[in-house]
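A short worksheet on the structure shown next.
The values are calculated or read from the model by the stated rules, or taken from the named source; none is laboratory data. This one's a predicted model, so the numbers in the text were calculated from it and none came from an experiment. Using ideal geometry, Cβ is built from the backbone for each residue, glycine included, and neighbour counts are taken over all protein chains shown. Note: areas computed on protein heavy atoms with side chains; ligands, DNA, RNA excluded. Shrake-Rupley method; radii C 1.70, N 1.55, O 1.52, S 1.80 Å.
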Amino acid sequence: MDKASLAIIPADIPPTKSATLPQISTEQPSILPTAAYLHIPFCQTHCRYCDFAVTIGTEDLIEKYVQYLLQEIAFTPTELQGLETVYFGGGTPSLLSSNQLERLIDALSKRFGISANAEISLEANPGTFDRAKLQAYQRAGINRLSLGVQAFQDHLLRLCGRSHGVAEVYASVKIIQELGFDNFNLDLIFGLPEQSLADWEASLQAVLAIAPTHVSLYDLIIEENTPFGRLYQTDRPPLPTDEETVEMYLKTIEVLGNAGYEHYEIANFARPGYQCKHNRVYWKNQPYYGLGVGATGYVYKQRVERPRNLYEYFTWVETGQFTVTESVTSQEELTDTLLLGLRLTEGIMLESLDKRFGKSLVAQMLHVLQPSIDSGYMQVIHEKMQLIVPQGFLFSNEVFALLT
Amino acid sequence: MTDVPVSRIRNFSIIAHIDHGKSTLADRLLQITGTVSNREMTAQFLDNMDIERERGITIKLQAARMEYTAKDGEMYILNLIDTPGHVDFTYEVSRSLAACEGALLVVDASQGVEAQTLANVYLALENDLEIIPVLNKIDLPGAEPERVIEEIEEMIGLDCTDAIRASAKEGIGILDILESIVQKVPPPKDTVSEPLQALIFDSYYDAYRGVIVYFRVMSGSVRQGDKIRFMVSGKEFEIDELGVLKPNQVRVSELHAGEVGYIAASIRAVQDARVGDTITQVSRPAAQPLAGYQEATPMVFCGLYPTDSDQFEELREALDKLSLNDAALHFEPESSGALGFGFRCGFLGLLHMEVVQERLEREYDLDLVTTAPSVVYRVTKTDGEVLEVQNPADLPSAQVREMIEEPYVRVEAITPQEYVGTLMELCQGRRGVFVDMRYLTPNRTSLVYEVPLAEVITDFFDQLKSRSRGYASMEYKLIGYRPGNLVRLDILLNGEPVDSLSCITHADKAHEIGRLLTGKLKELIPRQQFQVPIQAAIGAKVVARENIAPLRKNVLAKCYGGDITRKKKLLEKQKKGKKRMKNVGSVEVPQEAFMAVLKLES
C-alpha cells in the first residue's frame, strides 16, 4: 500500500471533523453509506471457473480473519447513520460459525446501527450448513439467503469442481424453507462446458418447482487465470456456442417471465417486492462500505480497495487506518451511474441525472450514446433512458463501450 | 597510438554457430588483452543492439583492436573483425572475412558443426584464410572433443591436431588462442607504398557525425583530412575523423596497410558507403576497386501499413531513418484497397524483415500491420513483356500471362540421422527437389534440396527446428529462377476482395491452401455485428468458403459493487483491441490475419 495515499481517520473522532477528509456537500445530512458488504474469502474447494481470491479455510484461520474484520469495522468511519442493507458475500460465508456471524452483526450494529427492517443477506453453499446453524444465523439477524446452486446436473457440478451435488441442493433448500426464510435466492450459471439447452431448461424447471423469491442467472465468463481459462476458449467446444448461450438466456427470460418473475436486471429476476435491496445500491451508484480482504467500497465518493491477499490484508488492518484515495470526478460519477444504472430494466430517470450532474453534461452523454439508440439497443422515452430487452442487454457492452 | 609494422598486425574473425560462444570468447579476448577493463565490461560487448542481445545473435558487425605482447616478447596488434551470424547476411560476412587473414573456427565441444558454420568456413576458405579450430565449452560435462574433432576433420577436411580446447566462460585456453593467432595467422602484405585501397566491411549512421565507415586498409595509407573517393558509388568526401576501434572509437592521425579503423566524413546515408566498396585517395587513386562488391538484392518483400492511418508520415520518417543505417532495406510507398497507404519493403531475408519490424514498433512506437512476405516473381506476358512482381496483388491476370518464374534456393540442412526422414518429408512437401544426401559422420547427415524461396520464407525454418527437436541447422543460397505452375489465390471478405490477403501459390496446392486459409481466417477474425462470408478464389472461381457467424452478444453477466472498476478496465481493453484492428470495408480484421498464410497447418 502506498503510504502517500493514506490518511488517518482516528476511529473515535467523527470523521467529518477531520482536516484530512475531502469536502463534503452540505446539502445532504450524511453521505456515509447505509449499505455494507462483508467479504468472507473461504471455500471448501476452489471452483474451476472462479478467479476470486479464495482460501481453503481452517478453523483457526477463519477465526483470525473474523477478528481482523472486527478490527476493520472498528476503525471504519461512521455517524451511526444506521445500515439499511448488509451483505455477507464470498467465498462461502456459510463457513462462518453462528457465533462468528453473531459477533460480526453485533459489531456492525454497534458501530453503524442497523435499521429495524434492514435486509441482511448471506451467501451459502449447499452442504455447508445444517438446520441448527441456519437457525442460529436467523436468530443473529439474517433474513435473506442466497444459495449457490449453479446447476441441477451432477455431472456439470463435478465439472465445475463444486463441493456439492444435486442432492445437497435439495437438502439445503428444504432446511431454508422449513425455517421459514421467505426471502431467498438461487444462483445458477449457464454456458457451462458440456451443458446443453435441455440441461438448462431442466434447471429452470427445477427452479420453478422450488419457487424462490429471487433468481440470479449468470452467463459463464471464462477468466484467464482459472482452470477453465486454461482449458476452454469462449465459443469453442465443449463450451456451448454463442448462439446456444443466447438461446439459453432468451429461454430464461421466457420461462421466468411466464412464471411471474420480474426481470429487473441483466442477470436478476425477482418476485414483485423481492428485488435485492443491497445490490440495487450498487446499480444506483450509491455509497457502500466494502469490508474484508479484496473488498471494494465506495465511501466519500472514493473507490477504496482492500488488499486482495489475505496476509497483506492482515498487515493493512494492523496499521489501523482507513484508506483514502482520490474522489471520482463528476464525469466519472456520471459514467459509472450510467454503466450501472442501465443494467436495471427500469432504466434511469433523466430528471434525476440532470439534478445530479447538470443538464449539459447529461445532454453530452446522450449524444455519445446516440449510436446505441440507432442500433436499437437503447431508448429514451417518458424522460427515461433504458436498454431494450433483450437486445440491449445482450449487447450492453457495446452500449457501455461508448461511455468509456 | 603505437605505430606497429605490418609484420606485427594480425586480422582475424570468429566463425561460430549461434550459442556456440562467439560473443563470450570475444569478450574474454578483450579482457585478457586489457583492451576493456573488467569494470567496463558489459556482457557481450560486441553485440550492442538490444534486439541482437535479446536474440543472442549478431546482426551488425563490429571490430576491436587489441594490443597483445606475445611469448616472443613482441607487441602485436590483433584486430578482431566480428561477423554477423545469420544466413540473411552472407554478403556482409564474406566482406568482413575478406578483411582478414585468419579466422577462429569456434565449435561447441558438446554440439558439433552446424550448417551455418560450415557455410561460413567455406566463405573463409574462398578468401584463403588461415583457420584455427577452437573447441569451446570444454568444461561442460557433455563435452566430447574427440568426436567433434573427428567431425571437423571429416566435414571440412581441416587438420585438427593443434585444435585448441577452451572454455570462454571459464577462461580456459584463451592465451593459447592469442598465441596461435600470432603464430599461425599470416601478417598482411606490406603494401604501404602503393595507392590507397581500403575495404569497407561495415558502416552505420550516427546522428551527429553522419555515416561512420569501418574499413580495413588493404594497401597504401590514409590520413586525417585526406580527400577520399568511394570507387563504386563515385562519391567523394573529406575525412573529418580517422580512428581505430578499441572497441570504442579512438582518434588517430594515420592508418596504413593492414590496419583496421573507421572514418567519419559527413556522409549522409549508408547507401553512399556500401559494404564492399573501396575507399581510395582522390589525389592518388588506385587503378581499380577491390573485387567482390555486390549490390544488396532484397529477396523477401512485404507490405508495412500503420494500423492507424494517421501514422503514415511517421512510418515514412522511421523507414527513412532506419535506411540511413541499413543499405539493404528497400521501401517504396504503395496503397492497398484494404489497408490504405503504406510501404512495400524489401529485405535480405526473414530475419532482416523481423528485425526491421521490431525496431519500427519498439524504437519508433508504431503499430503496424504486416502482410505475409512474398518473393519476387518474374512474369512473362503474352506480349513478351517481362515484369518483376513483388506484390501478389500486382500479378497480371491469367489471360495475359505466358509464364511465371520464381526464385529457387539451395537448402543445406545438417541433422542427426534420426530426423532425416521427417526433414525429407518437409522438403518434399515444400516442392523441394532432392539433390544430395551425405553421411558426414556416423550420426550426422547433410541433406541438400532445391526449394522455391517462397516455400522457405513461410515457416520452413520453424518446421525444421521443431521436427528435429532443435538439432538440425540449415542455410540457403539463391540459385536462380525457374518456371512454375503458379496461380494467385484471392481472399474475399464479405464479398470484397482483400488485396493484402492475396498470395501466389502452386496450382496443385491452391485448393488446400484456400481451405486452410479460410479456416484460419475464420478463427482469427472475431465475430462482427453481421455475418461475414470468407471466400478463397482463383480468378472468378471460388475454391473454398467459410462463414463468420454474426456477433450474438457482448455482455458482462455479473456486475456488482466492486466490479465497476474492473468492468471499466475490461471495456477499455476491448476498445484497445478494436483500435489495433484494421477496418477492411466494414469488417474489423486483426493484425494476425494478414500473416495467417504463414500459420497454416495441414
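Can you tell which of A:138, A:233, A:364 shows the greatest fluctuation in a Gaussian network model of chain A with Cα springs below 10 Å?
Result: A:364 has the largest fluctuation of those listed.
Once label points are set 7 Å from the Cα along Cα→Cβ at both residue B:223 and residue A:197, what is their separation, rounded to one decimal in nm?
Label-label distance for residue B:223 and residue A:197, simple model: 9.3 nm.
What list of ³J(HN,Hα) couplings, whole Hz, do you get for the range B:93-99 from phi and the Karplus terms 6.51, -1.76, 1.60, once you set θ to phi - 60° and write x for glycine and proline?
Ordered by residue, 3J(HN,Hα) equals 4, 5, 6, 6, 5, 5, 8 Hz.
Where Lys and Arg each count +1 and Asp and Glu each count -1, what net charge lies around residue A:291 among other residues with Cβ under 11 Å from its Cβ?
+1
With a Förster radius of 56 Å, plug the Cβ-Cβ distance of residue A:367 and residue B:418 into 1/(1 + (r/R0)^6) and report the FRET value to the nearest 0.05.
0.25
Counting other Cβ atoms within 10 Å of each Cβ, which GluC sites (Glu not before Pro) in the range B:322-406 have at most 16 and sit in a DSSP loop?
Passing both the DSSP loop test and the Cβ count: B:385.
Positive end of the dipole of the range B:451-573, charges at C-beta (+1 Lys, Arg; -1 Asp, Glu), about the Cα centre: which of B:487, B:517, B:473 has its Cα farthest in that direction?
Of the candidates, B:517 comes out farthest on the positive side.
Just to confirm a number: summing +1 for Lys and Arg and -1 for Asp and Glu over residues other than residue B:517 whose beta-carbon lies under 10 angstrom from that of residue B:517, what do you get?
Around residue B:517, the surrounding residues sum to +2.
Could you tell me what percent of the accessible area of the protein assembly as shown is made up of carbon and sulfur, with a 1.4 Å probe and every protein chain present?
Solvent-exposed carbon and sulfur of the protein assembly as shown make up 49 percent of the total.
What's log10 of I(q)/I(0) for the range B:544-586 at q = 0.17, 0.24, 0.26, 0.27 Å⁻¹, Debye sum over Cα points only, no solvent?
-0.70, -0.99, -1.04, -1.06
Can you tell which of B:593, B:551, B:539 lies farthest toward the positive end of the dipole of the range B:446-602, using +1 and -1 charges on the Cβ of basic and acidic side chains (Lys, Arg; Asp, Glu)?
My answer, from the dipole projection, is B:551.
Scan around residue A:120 for amide H atoms under 5 Å from its own, H built in the peptide plane at 1.01 Å from N, and keep only partners 5 or more places away or cross-chain.
Amide H neighbours of residue A:120: A:86, A:143, A:144.
For the pairs A:384/B:553; A:110/A:284; A:284/B:568; A:384/B:575; B:321/B:578; A:384/B:578, flag any whose C-alpha to C-alpha distance is greater than 19 Å.
The pairs that break the limit, which is 19 Å between Cα atoms, are A:384/B:553; A:110/A:284; A:384/B:575; B:321/B:578; A:384/B:578.
Determine how many Å³ per residue the convex hull of the Cα atoms of the protein assembly as shown encloses.
About 228 Å³ per residue, rounded to a whole number.
Place a point 7 Å from the Cα of residue A:308 along the Cα-to-Cβ direction; which residues of the range A:55-75 have their backbone N under 18 Å from it?
A:55-56
Quick check: pseudo-label points 7 Å beyond the Cα along Cα→Cβ at residue B:595 and residue B:74, how many nm apart are they?
Going by the 7 Å Cα→Cβ label model, 5.4 nm.
Around residue B:209, under 11 Å between beta carbons, what's the net of Lys plus Arg minus Asp minus Glu among the other residues?
Summing Lys/Arg as +1 and Asp/Glu as -1 gives -3.
How big is the charge dipole of chain A about its Cα centre, in debye rounded to the nearest 20, if each Lys and Arg gets +1 on its Cβ and each Asp and Glu gets -1 on its Cβ?
I would put it at about 900 debye.
Seen from all sides and averaged, what is the projected area of the convex hull of the Cα atoms in chain B, in nm²?
The Cα convex hull of chain B, projected and averaged over all directions, gives 32.1 nm².
Could you derive backbone 3J(HN,Hα) for the range A:177-192 from the dihedral phi with the Karplus parameters 6.51, -1.76 and 1.60 (θ = phi - 60°), listing whole Hz in sequence and x where the residue is Gly or Pro?
Per-residue couplings from phi come out as 5, 5, 7, x, 5, 7, 10, 9, 10, 10, 9, 9, 10, 10, x, 6 Hz.
To the nearest 0.05, what FRET efficiency results for residue B:545 and residue B:507 with a Förster distance of 22 Å applied to their C-beta separation?
Using R0 = 22 Å, I get an efficiency of 0.70.
Report the gain in length on full extension from residue B:240 to residue B:477: 0.36 nm times residue separation, minus Cα-Cα distance, nm rounded to one decimal.
Working it through step by step, the gained length comes to 81.4 nm.
Find how many whole Å separate the alpha carbon centroid of the range A:153-199 from the alpha carbon centroid of the range B:337-377.
Their Cα centres are 54 Å away from one another.
Solvent-accessible area per residue for the protein assembly as shown at a 1.4 Å probe radius, Å²?
That works out to 41 Å² per residue.
State, to one decimal in nm, how far the label point of residue B:469 lies from the label point of residue A:231, with both points 7 Å from Cα in the Cβ direction.
In this crude spin-label approximation the distance works out to 3.1 nm.
Within chain B, what is the longest stretch that has no chymotrypsin sites (Phe, Trp or Tyr not before Pro) placed in a DSSP loop and near at most 12 other beta-carbon atoms within 10 Å?
The longest such stretch corresponds to B:209-529.
Using the Cα centre of the range B:407-525 as origin and beta-carbon charges of +1 (Lys, Arg) and -1 (Asp, Glu), tell me which of B:441, B:417, B:464 is placed farthest towards the positive end of the dipole.
Result: B:441, furthest along the dipole toward the positive end.
Please identify the longest segment of chain A free of exposed trypsin sites (Lys or Arg not before Pro), where exposed means a DSSP state other than H, G, I, E or B and no more than 16 other Cβ atoms within 10 Å.
Of all site-free stretches, the longest is A:1-283.
Once the Cα gyration tensor of the range A:90-150 is found, what semi-axes does its equivalent ellipsoid get, as square roots of 5 times the eigenvalues, in whole Å, sorted largest first?
Ellipsoid semi-axes (Å, largest first): 20, 12, 10.
Can you give the FRET efficiency to the nearest 0.05 for residue B:144 and residue B:462, using r as the Cβ-Cβ distance and R₀ = 30 Å?
That pair, residue B:144 with residue B:462, gives E of 0.60.
What accessible area, in Å² to the nearest ten, does a 1.4 Å probe give for residue B:503?
Accessible area, nearest 10 Å²: 20 Å².
Read phi for every residue in the range B:216-222 and hand back ³J(HN,Hα) as whole Hz from Karplus 6.51 cos²θ - 1.76 cosθ + 1.60, θ = phi - 60°, with x for Gly and Pro.
So the Karplus estimates, Gly and Pro as x, are 10, 6, 8, 8, x, 8, 9 Hz.
How big is the dipole moment of chain B about its Cα centre under a simple scheme where the beta carbon of each Lys and Arg is +1, that of each Asp and Glu is -1, and everything else is neutral? Debye, nearest 20, please.
For this selection, approximately 2440 debye.
Am I reading the A/B interface right? What is its buried accessible area, both sides, 1.4 Å probe, to the nearest 100 Å²?
Interface between A and B: roughly 3100 Å².
Dipole magnitude of the range A:209-282 about its Cα centre, charges +1 at Lys/Arg Cβ and -1 at Asp/Glu Cβ only, in debye to the nearest 20?
420
List the lysines whose alpha-carbon lies under 22 Å from that of residue A:133, not counting same-chain residues fewer than 8 positions away?
The reachable lysines, counting only those whose Cα sits under 22 Å from residue A:133, are A:64, A:174.
Quick check: Cα centre of the range A:337-383 to Cα centre of the range B:388-456, how many Å?
Comparing the Cα centres of the range A:337-383 and the range B:388-456, I get a distance of 63 Å.
Specify the inter-centroid distance of the range B:275-334 and the range A:239-315, based on alpha-carbon positions, in whole Å.
When both Cα centres are located, 60 Å separates them.
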